[in-house]
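Colleague: Once you've had a glance at the structure underneath, I'll fire off some questions.
The values are calculated or read from the model by the stated rules, or taken from the named source; none is laboratory data. What you see is a predicted model, and the numbers here were worked out from it, not measured in a lab. Cβ atoms come from the backbone with ideal geometry, glycine included; neighbour counts cover every protein chain shown.
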Amino acid sequence: MVHTRDKGEECPPPGGHQGFLDIGRVIGLHGVRGKIKVAAFSGDPSGVLAAKTLRLSGGRGAAPGTIGDYEVVTAQRAGGCAVFALSGIDTIEAAEPLVKAVVSVRYEELPSLPEDEFYWVDAVGCLVVDETGAPLGEVVAVEPGAVYDWLVVRRPGREDGYLPVVEAFLRKVDTAARRVVASPPEGW
């Protein structure tokens, strides 16, 4: 299973994200005490509820390029979203400018995953090889699909190839070793 850190956009390789990764967007307010409601790009907010700090970029009332770091006071799941109370934001008026902001969390605050799962950002930059070890290309992005996600593989001298993120085609994803062993479909 693949977990997203950035829905549908190219993700920088580890070390290039400056410690924060985009995980969602503020879609509204919750209650009358300035809590923000965040829709996770992955569709599942459970992984971000343990965050201690949120970085908010932009927003309805922010100048372009505005970034603010906020300490999380409380976090809960509500209606498929994550709801956060942030230090220093305790009124609707204070929270309103944050609506539409992109929400990022510290990379190290994301939950660890089981061995057979990976975050999209960790796959970007990995070398893709076939089962004999012959190089096929490099992962440049991961894109969401209706049924399964796709690794976008830059193939030297050819158009980018799309590998379905399913066990039949991805034999092993070792993000620590920066290597993906694949068995591409015929004609790939």
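Colleague: Considering every residue within segment 84-100, establish whether at least one is more than 21 Å from Ala182 (Cα to Cα), in contact with a Ser or Thr (Cβ under 8 Å, 6 or more places away or on another chain) and modelled with pLDDT of 95 or more. If you could, list the steps in order and put the result at the bottom.
Modeller: Residues of segment 84-100 more than 21 Å from Ala182 (Cα to Cα): 84-100.
Within this subset, residues satisfying the condition of being in contact with a Ser or Thr (Cβ under 8 Å, 6 or more places away or on another chain) are 84-85.
The next check asks that each one be modelled with pLDDT of 95 or more; those that pass are 84-85.
The answer is yes; a qualifying residue exists.
Colleague: For residues that are part of a loop (DSSP other than H, G, I, E, B) and without any contact (Cβ under 8 Å) to a residue 60 or more places away in the chain, scanning just segment 116-131, find the one that is surrounded by the most Cβ atoms within 10 Å (Cβ to Cβ).
Modeller: Initial filter on segment 116-131 (part of a loop (DSSP other than H, G, I, E, B)): 116-117, 124-126, 130-131.
Now narrow it down to the ones that are without any contact (Cβ under 8 Å) to a residue 60 or more places away in the chain: 126, 130-131.
Details: Cys126: 22, Asp130: 13, Glu131: 10.
Out of the qualifying residues, it is Cys126.
Colleague: Also, quick follow-up: Which condition does Lys100 not pass, out of (1) surrounded by 13 or more Cβ atoms within 10 Å (Cβ to Cβ); (2) in contact with a strand residue (DSSP E or B) (Cβ under 8 Å, 6 or more places away or on another chain); (3) in the same structural domain as Leu151 (by TED's automatic domain parsing), if it passes all the others?
Modeller: For Lys100, the exception is condition (3).
Colleague: Given Ser112, Ser87, which one is touching a strand residue (DSSP E or B) at 6+ places or on another chain (Cβ under 7 Å) and surrounded by fewer than 18 Cβ atoms within 10 Å (Cβ to Cβ)?
Modeller: Checking each option against the conditions leaves just Ser87.
Colleague: State which residue is surrounded by the fewest Cβ atoms within 10 Å (Cβ to Cβ) when the search covers only segment 172-188 and only residues that are in contact with an Asp or Glu (Cβ under 7 Å, 6 or more places away or on another chain) and among the β-branched types (Val, Ile, Thr).
Modeller: Filtering segment 172-188 for residues in contact with an Asp or Glu (Cβ under 7 Å, 6 or more places away or on another chain) gives 175, 181-183.
With among the β-branched types (Val, Ile, Thr) added as a condition, the list becomes 175, 181.
Values: Thr175: 19, Val181: 17.
Among those that are in contact with an Asp or Glu (Cβ under 7 Å, 6 or more places away or on another chain) and among the β-branched types (Val, Ile, Thr), it is Val181.
Colleague: Would you point out which residue out of Ala141, Ala82, Ala168, Ala95 is of a type in the set (A, V, I, L, M, F, W, C) and assigned to a loop (DSSP other than H, G, I, E, B)?
Modeller: Ala168
Colleague: Is it fair to say Ile23 is modelled with pLDDT of 90 or more and assigned to a strand (DSSP E or B)?
Modeller: No; evaluated as a whole, the condition is false for this residue.
Colleague: Test Arg154 against the criterion of being among the basic types (Lys, Arg) and over 22 Å from the mean Cα position of the chain (by Cα), and give yes or no.
Modeller: So Arg154 does not fit the description; no.
Colleague: Just need a number here: residues in segment 71-83 that are closer than 13 Å to Val105 by Cβ and out of contact with any helix residue (DSSP H, G or I) (no Cβ under 9 Å at 6 or more places or on another chain).
Modeller: Looking only at that region, the number is 2.
Colleague: Which of the residues belonging to segment 98-115 are touching an Asp or Glu at 6+ places or on another chain (Cβ under 7 Å) and not in a strand (DSSP E or B)?
Modeller: none
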